[in-house]
Amino acid sequence: MLHFLPSLFLGLISTLLFIINTVFWTLSLYPIALVRLFIPIPIFQRFCYHILIWIAETWIACNDIVFWLT
């Protein structure tokens, strides 16, 4: 979609978007993973597991959007 831009700007934009995406989803993922690690209640761990899977899948979907844009 942004292929009309010079390759230098396109590289900078895609790198910036990937960094922002990674920081955002990492800050969402790690607290839940740590809570899951320290609370040994199986039903709670399953709940956290499903949230972690959702975060990971959404992270991948956002990466796909960045690839599509650039």
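The values are calculated or read from the model by the stated rules, or taken from the named source; none is laboratory data. On a predicted model such as this, the values are computed, not experimentally measured, just so you know. Every residue, glycine among them, receives a Cβ derived from its backbone with ideal geometry; neighbour counts consider all protein chains shown. Protein only, heavy atoms only, side chains kept; ligands, DNA and RNA dropped before computing areas. Shrake-Rupley method; radii C 1.70, N 1.55, O 1.52, S 1.80 Å.
Could you work out the relative contact order of the chain? I mean the mean sequence separation of Cα pairs under 8 Å and 6+ apart, divided by the number of residues, in percent. Relative contact order, the chain: 50 percent. Between 0 and 90 degrees, rounded to the nearest ten: what's the tilt of helix 42-69 against the longest Cα principal axis of the chain? Approximately 0 degrees, to the nearest 10.
Residues of the range 28-70 falling in the label zone of Ile20, defined by backbone nitrogen less than 16 Å from a point 7 Å along Cα to beta-carbon, are 59, 62-70. Solvent-accessible surface of the chain, averaged per residue with a 1.4 angstrom probe and all protein chains in place: 76 square angstrom.
With all pairs of different C-alpha atoms in the average, the Kirkwood value for the hydrodynamic radius of the chain is 13.7 Å.
For the chain, with all protein chains in place and a probe radius of 1.4 Å, 80% of the accessible heavy-atom surface sits on carbon or sulfur. Principal-axis analysis of the Cα atoms of the chain puts helix 7-38 at an angle of about 0° to the longest axis.
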